[in-house]
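A quick write-up on the structure given underneath.
The values are calculated or read from the model by the stated rules, or taken from the named source; none is laboratory data. No experiment lies behind these values; they were computed from the predicted model shown. Note: ideal-geometry Cβ built from the backbone for every residue, glycine included; neighbour counts use all protein chains shown. Each accessible area value is taken on the protein alone, full model and side chains, heavy atoms only, with ligands, DNA and RNA left out. Shrake-Rupley method; radii C 1.70, N 1.55, O 1.52, S 1.80 Å.
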Amino acid sequence: MLHDRVLVALDREAGERRSGSGIVIPATAAVGKRLSWGEVAAVGQHVRQVQLGDRVLFDPEDRAEVELSGRDYVLLRERDLHAVAAPRVEAGSTGLYL
């Protein structure tokens, strides 16, 4: 990976989802702009805020997809990430950096 690039493995989301109240939302339902979560698979040498294995939130509209060994990845700049969920944060903290 070069510069400030982050390679993110896409989460395998089920076709249909459930809302917080338990309502089933079919995969064909149109929803507004929705951000996606993924796991960091590789980082460039100038990336400062994320590490391998972190979960990151990004806009699925602004992405370049690549397939490596049969698995789909997204190539992003670090500045295109909206949040990082990392297990390395202190106890009592939310684990999210916005």
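General observations
- Pairing residues of segment 39-53 that are at positive phi with residues that are of a type in the set (Gly, Ala, Ser), at Cβ distances under 9 Å and at least 6 apart in sequence or on separate chains, gives Gly53/Ala41; Gly53/Ala86.
- Of the residues making up segment 3-26, those that are part of a loop (DSSP other than H, G, I, E, B) and modelled with pLDDT of 60 or more number 11.
- In segment 39-75, residue most open to solvent (accessible area, probe 1.4 Å) [restricted to those that are part of a strand (DSSP E or B) and out of contact with any Leu (no Cβ under 8 Å at 6 or more places or on another chain)]: Glu67
- Segment 76-98 - residue that is surrounded by 11 or more Cβ atoms within 10 Å (Cβ to Cβ) and in a loop (DSSP other than H, G, I, E, B) and, of those, modelled with the lowest pLDDT: Gly95
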